[in-house]
Each structure stands twice: as C-alpha cells, then as structure tokens.
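The values are calculated or read from the model by the stated rules, or taken from the named source; none is laboratory data. Predicted model, so just to flag it, every value in this text is computed and none were measured. As a convention, Cβ positions derive from the backbone with ideal geometry for all residues, glycine included, and neighbour counts pool all protein chains shown.
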Amino acid sequence: MTPALRELSACFEGIIPALVATAAADGTPNVSYLSQVTLIDDDHIGLTNQFLTKTSANLAENPQATVLLVDGCTCAQYLLGVRYVRYEESGALFERMAAQIEAGSALVGMAGIMRLRRIDVFRVDSIETVPFTVSLTDAPPRRRASLEAVARVVQAIGVQADVGSIVDATLRGLEAELDIGHSLILQLMHERLVTVGSHGYPAGGIGSEVAVAEGLIGIADKSAQVIRINELSRAFRFSQAVSGSADDENRSRSIRLPGLPDALSQIAVPMLVHGQVQGVLFAESARRMAFDRDDEAALVLVASQAAAAIWLAESLVADDGAATTPASAQAGGGPGLKVQYYRVDDSIFFDGDYVIKGIAGRLLYYMLEQYVTAGTVEFSNRALRLDTSLRLPEFKTNLETRLLLLRRRLDEKQFPVRLIQLGRGRLGIDCRCTPELSVIEG
Amino acid sequence: MLDDRLRRFLRGPVMQVLCVAGAGAPPRIGRGMGLIVADDRDRIDIVISRWQWPGACALLADGVPLALTVCEVRTYEAYQLKGRIALLRMADGDQLDLARRYIDETGRMLASIGVLPEGSGAWTMQPDALVVSLDVHAVFVQTPGDSAGKARQVQP
C-alpha cells in the first residue's frame, strides 16, 4: 500500500540522511546527500540546498527528480518521485530550516560550514516503499501529546501567581501530562540565558548559564525558532557528558548546565512575549526520535503560556509589596560562615564554595549585609528595586526571577543561608550561621 | 581517476548510492551493497539487489551513464564517481559473500555511532543481486565545505 506523505513523519527528522537524484538534459545522472528534508503540506516537500550546485543546474534542465527518504525509527526506505516547483531564500519556512541546520551542524563541529542557501520546493507525484525483509521497531512508543493533556498543563500554569510556582507547574506538568521527564527553563538575563528551573536531573544546575547563540539552547534564543534534534551524535554526547565537579565550579565561578549524558533527542523552544524571546524551554530524552511535530506544537503552547505568566508575575510584583523592610531580628547564632564577595564580578563564596555571581550575587551580599548590620530579615522586592546601591537594570530587572534562582541555588547547595518566599513581592532571609563578611576588590 | 587513497576509502564501510537516468523518465536511485575496486584500472563493481531496487535495476544496461555517491558517515567525507556501465551480470557466490560482509560491517559501524538501532538488522541481502561494472570517468568531492561539487584531484 502506498503511504501518504504525512505518514512518513519519521523520515523528516534528519536522523538518516536523505538523497536526491537528478539528471541533466543529456541523461547524465547526479545523486547527492541532503542535510534536511521538510514536510511542507500533503503534497510538497522542501529540500535544503547548501552545496547542491549540480543538482540546481540539473533541475533547471529537467525538473523531475527522485528523493530517497529513510525512516529514523525503522530504517524503512521510501522513493519519492518529485517535480521541482520553486525555491525560497527567505520567509518563515526558510528561517526555521536555517536555524535547524545551524544547530545541527554546530552539534557535529561544522558550525558555519553548512549554511542554508535556499530551500527547493518539490511536488510529490509518487511514493514507493523499498521492499523490506524484516520488521523493525524502536523502543515502545511514548505517550503522544494530546490536546487535553496540553490544556491541563496550560491551565496549571495559569493559576500560578509567582515565578517559582509557574516554573514548577511548567516542568512538572511536562512530566505528568506529556511524559517529558528532563527539562529546563532558562531566562534571558544580561545577554545570558540562566537556568531558573530544572526537572529530572540529579544536579539541578540552577544558575547555570548559556551564551546567546551557543548550542541548541542559544540558537533557539538567537533565532527565535524551535530547534529539534532527534539523533545526537555520539561525539556531541561525549562532549556534553564531561562531568563538572564542585572544584571546577569554585575555580570557574560557573555552574554546570544539567544534561543527560546519554541524550539522543533534544528540543529547545523559545519563550516569546510580544515577539521577544524571554527565555528557552528545553527538554531532552535518552530515546531516539523522542520529540515529533506534535510534541513540538505542544511545547510551543506550554512555553508561550509559561513565558506570558512569568512576564505578568514580574510586572505585577514590580508594583506590589511595601517599600519598607519592617521585620528585623538580632543577627548571629550558629557557627561562623566566611562570606567572600568579589566586587569584580559580584561573585560570592561561602567558606570557599562558589555560590553565585552577577546581579544575583549582588542581591545576596546586599541582604547579608543588611542582616549583619541591621538585623534585617525581611525584604520587599519593591525596596530592593528602589535601592540604587544595587545598580539593578532600569528596564526589565527580572528581579523576581533573579531572586528565584538565588533562592533555589541556596536550597540546592544546602547552604546555611536560605531565602524564604513570604508572599508576593516579599522574602525573608534565614541564616543558620553567623556570616563573617569580607569584600575583595578587583 | 582512482588513486591509492581513494581506493582505500572505497574499500572501507562507506555508504553507496547509485543513480541512473532513463530517457524521459525520472532518475532512479539504488543502494550498493558492496564494492569491488580494481587495482589496475578505473573500474568499480557495485553489488545491488534487484529485489529492493527494481526501478534502478531496470535502467541498468551496458553503456548507460551512472553516478555513484560514496560517503563515510563518521567523517562526512564523500565523493561522487561518474562514468558509464561497462558490464552488467548476476552476482556469483563470492560477490554475494562480499555483500553480506559489507552489510555486517557497515551495519555494525552505523549502530556503533547510533545511526541505526543496535542489532537492528536493518539491511538484508537477497540472492538476486546484480553486479554493475562502472568505468569511472570523473570523481567529484561531496564532502561539505568549499570543495563540495569540485573535481577531485588525483593524489600521486
């Protein structure tokens, strides 16, 4: 039986490369590998064109071609009789494919080499299944994303009022409703993407950073496109699997991004508000082909809801909370804790262990200083925002999100200093130690 | 056309895809299942299953132009060999054995880098194979990069 084009979805994941065969007017054939074939609609496919000079010349003379597709799960092969229709050098389809190719080539160490020149669009006239002698199956199929399940996640996010609860509802909802067990939320802060929520990893990695345009997550941010890779190369997985240690963290003053050492599939979804990327929702799996087009659509919906909810929570908190800091207590009690604050990058160390840096580090030191000098144990977001000594950005401070990542970092590392959410726009500091503050200049 | 380096490459676990075009018909594709590379001339014998690739096999005939793309998936090194069919015949026992060894070796390599599921047995061989002798007239680089599409220079 001839399959419909849409039934070949596993062939469009780029796991096993496709090929295109063309012929010149004199019958001289040509066959070339393709980095990506994409389904456009029920009758059309798009082929990415990076190095296909001869293919392009042949199509100008003879628009008939044959494409060999391979199913990434079963290895079943299909021959498509196609006819060249047009090419695209810009537009939504082009941008999406260009970002996908950029990410894919970066993962195999060919960043910048496999740049998309254009997409050739073909009408599919026939589909033949290449005869097969064995039936091949991958691991048992994962639960598919249903609209009802997505609605439950979106609804759970919608009832949350603070950033922490929104992040938790999103990541837990992905596992409970969509069977996505390993996920991260990163938010854009000062041109870095910072992990503010993680789910399913032994080390949470709160506060870990990704540079814009770096790796799958960074490219999703830069391009504002969903990036989906369903077969990670072993070389890439190895490079990802190099484990960090506490010593490395203390030396590098950077927190390792959580990751599955045996991930085969990853997806990074930009979190958009008003057309601007605010962060990235990332998920991964040790299964091949874990994320299909339906999963992508589900994650886009969830990421959109989470992005809007975080934005709203930040905006509401900005106008909320008292400007004063009413509660105070006698500082001290418990064993001494050497707190070193490096002004050069606002990094903080507790007894030599790296805690955090940047604005979150500045905020932590400020609160510790207030606690030690004035016994202040309760802070309002508004007061923090108005205090010019903190040098917070004037526009879009992400204060709520920064405090969330600080609070979770302290919890994750089980430091004797913790932050407690006391209500919307208010938090308390809980010191089970006697902080001994020192500032290191330069 | 074929120097020692290219001969060594062709004898490795490379993916082999041939293409042949008929008058007024779309070009057809078939996968090779083993190559025999001559040492003394620019000729390659390609084993192909008639059962799996009837469209391409129907167009194979003496003197017909043929393109063969070969790729090492671990390194992305790839070449396209173009020429004409010199001879077409049924595969004998030795050639079928060669094809089985190729399938085993390449399948293991693909599984080792995660391209095929481990132990999938994704490819099989039917005893109906043809052997296509290709006289190579030109070799083009298909490795991604600046040289892609250019004629490969013979190495001394």
For this session: Grab the helices (runs of 4 or more DSSP H) fully contained in segment B:1-114, keeping just those with 1 or more residues being small (Gly, Ala, Ser).
Result: B:54-59, B:93-112
Problem set entry | Residue in segment B:64-75 that is under 21 Å from A:ASP26 (Cβ atoms) and surrounded by fewer than 22 Cβ atoms within 10 Å (Cβ to Cβ) present | yes
Exercise. Applying the selection to segment B:26-52, what residues are away from chain A (no Cβ under 12 Å), under 15 Å from B:GLN16 (Cβ atoms) and out of contact with any Leu (no Cβ under 9 Å at 6 or more places or on another chain)?
Worked result: none
Problem set entry | segment A:75-84: number of residues that are touching a residue at least 40 places away in the same chain (Cβ under 8 Å), surrounded by fewer than 22 Cβ atoms within 10 Å (Cβ to Cβ) and more than 8 Å from every other protein chain (Cβ to nearest Cβ) | 3
For this session: Take segment A:378-427 and flag every residue that is among the aromatic types (Phe, Trp, Tyr) and surrounded by fewer than 21 Cβ atoms within 10 Å (Cβ to Cβ).
Result: A:PHE395, A:PHE415
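Within segment B:7-24, which residues are touching a residue at least 40 places away in the same chain (Cβ under 8 Å), over 7 Å from B:VAL70 (Cα atoms) and within 12 Å of chain A (Cβ to nearest Cβ)?
Within segment B:7-24, B:LEU18, B:CYS19, B:VAL20, B:ALA21 meet the criteria.
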Seminar exercise, completed: Screening A:VAL121, A:VAL108 for residues that are closer than 26 Å to B:TYR76 by Cα and at pLDDT 85 or above leaves only A:VAL121
For this session: Tell me which of these B:VAL20 doesn't satisfy, since it passes every other one: (1) modelled with pLDDT under 95; (2) over 10 Å from the mean Cα position of the chain (by Cα); (3) under 21 Å from B:ASP128 (Cβ atoms); (4) crowded, with 18+ Cβ neighbours inside 10 Å.
Result: (1)
